[in-house]
Amino acid sequence: MSALLEVRDLTVSFDTEDGVVHAVDGISYSVEPGKSLGIVGESGSGKTVGTLTIMGLTRSPNTTIGGEALFEGENLLTLDEERMREIRGNEIAMIFQDPLSSLHPYVTIGDQMVEAIRVHRNVSKKAAEDRSAELLGMVGIPDPRQRLSGHPYELSGGMRQRVMIAMALANDPRLLIADEPTTALDVTVQAQILELVASLQRETGTALVIITHDLGVVAEVADEVAVMYAGRIVERAPVDELFARPEHPYTWGLLDSIPRLDRPVSEGLTPIPGRPPSLIAPPPGCAFNPRCEFAMDECLSVIPPLEPSPASAGHLVACHLEPRKRERRR
Ligand code: SF4
């Protein structure tokens, strides 16, 4: 199947008073129609900047962008603003982390949804209202027609996020980008929203890119996972493969730092020591080397390329450790 979105060697850097921030440093991935990719990493790993750039939302005189982001063959990075506006919210839609700041507080939910539909579709206000009520029903909001006349502050955080998802789906996008869609929600609501996103994605056939710091989230919804560190992808694999046979020390650290039901509580969690590096002056070689217990001389000077793992097809890893040592850790 050919890719719906193909990102090739994307680089994004920002010129700041303190120096050039290399936020994204040559990432490549693709997403096929109807499939989902989870992009995982700590704050500052470049996962959000990369997708905002693909949506044309980081363009400024201080930003330097390189590479390609082909959406159905069109390079999004070189399209003019008018064409990008046609694509955003129509062919590609985004769900942001905080629905309260994404929704207008003084405008009714119905008016916001109707506008989101009519900006891209030549339909009557009545037809857009009917579609809005239908979408609110789809995302599990009770009494959807009554809700159209309500304001965002009248809804709980989970319900507001459902409204954002409904708005994102309003124009049947081919690709949905969800940036930390559950981070602002409590744990039980998180689970409901993830289940909703996964089931809507299956029903509508929309491709999904989900950005998160939480490996538990990608386990729920992603077909494939890309782990990012310091602006680069350090490991990429189908989701089951990544959880069964992780090969990168950073991924091991992420997995060791999440609670597991199959481990005794007495074992506790193991945090990754240290902090993410400065993206203005990252360490030479592998950017993870100051935090990696396996670092060798080569790691201090040579950036490891992202290469296929000899152990599993479709599994890519960027690490100087010998494959048999990576396998031994599994
Ligand atoms: Fe650790 Fe070296 Fe692998 Fe980087 S390349 S993760 S420092 S072993």
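Just so you know, all these numbers are worked out from the coordinates, no wet-lab data involved. Predicted model, so just to flag it, every value in this text is computed and none were measured. Positions of Cβ are generated from backbone atoms using ideal geometry, with glycine treated the same way; all protein chains shown enter the neighbour counts.
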- [ ] Report the antiparallel proportion of the DSSP beta bridges in the chain as a percent, rounded to a multiple of 5.
- [x] 60
Task: Choice from Arg121, Arg131, Arg162 with maximal GNM fluctuation in the chain (Cα, 10 Å cutoff) - done: Arg121
Open item on the list: If you average the alpha carbon positions of the stretch 201-220 and of the stretch 23-59, how far apart do those two centres end up, in angstrom?
Closed with: 13
TODO: Report the longest stretch of the chain that contains none of the GluC sites (Glu not before Pro) sitting in a DSSP loop with at most 11 other Cβ atoms within 10 Å.
DONE: 18-292
Task: Cross-link reach list, lysines versus Lys125, counting only Cα pairs under 23 Å and skipping chain neighbours closer than eight places - done: none
Open item on the list: Explain nothing, just compute: Karplus ³J(HN,Hα) = 6.51 cos²θ - 1.76 cosθ + 1.60, θ = phi - 60°, for every residue of the stretch 264-281 in order, whole Hz, x for Gly and Pro.
Closed with: x, 4, 4, 5, x, 9, 10, x, 7, x, x, 10, x, x, 5, 8, 7, 9
Task: Rounded D (µm²/s) - the stretch 121-185, Kirkwood Rh over Cα pairs, Stokes-Einstein at 20 °C, 1.002 mPa s - done: 170
Open item on the list: Run the simple label-point estimate for Ser156 and Leu261 please: 7 Å along Cα→C-beta, distance reported in nm.
Closed with: 2.2
- [ ] Quickly estimate the mean residue ellipticity at 222 nm for the chain, helices only: each DSSP H run with n ≥ 4 gives -39500 (n - 2.57), and the total goes over all residues, rounded to 500.
- [x] -9000 deg cm²/dmol
Open item on the list: Quick check on the stretch 181-320: take the gyration tensor over C-alpha atoms, sort the square-rooted eigenvalues as a ≥ b ≥ c, and tell me if it's rounded (a/c under 1.5), prolate or oblate.
Closed with: prolate
Open item on the list: With a 10 Å cut-off between alpha carbons and a GNM built on the chain, which of Arg232, Arg118, Arg160 moves the most?
Closed with: Arg118
Task: Two-decimal log10 I(q)/I(0) for the stretch 64-150, as the Debye equation yields it once each C-alpha is a single scatterer, q = 0.16, 0.17, 0.20 Å⁻¹ - done: -0.77, -0.84, -1.02
TODO: Please turn the phi angles of the stretch 93-110 into ³J(HN,Hα) values with the Karplus equation 6.51 cos²θ - 1.76 cosθ + 1.60 (θ = phi - 60°), one per residue in order, whole Hz, x for glycine and proline.
DONE: 10, 10, 10, 9, 5, 10, x, 5, 8, 8, 9, 6, x, 9, 9, 5, 4, x
Open item on the list: Compute a Gaussian network model of the chain, connecting alpha carbons closer than 10 Å, and tell me which residue from Ser60, Ser278, Ser257 fluctuates the most.
Closed with: Ser60
- [ ] With 20 Å bins from zero, work out the P(r) of the chain over every alpha carbon pair and list the percent per bin.
- [x] 30, 56, 14, 0
Task: Reach of Lys35 by Cα under 28 Å, taken over lysines that are not fewer than 8 positions away in the same chain - done: Lys47
Open item on the list: With the crude spin-label approximation of a point 7 Å out along Cα→Cβ, what separation in nm comes out for Val123 versus Ala311?
Closed with: 4.9
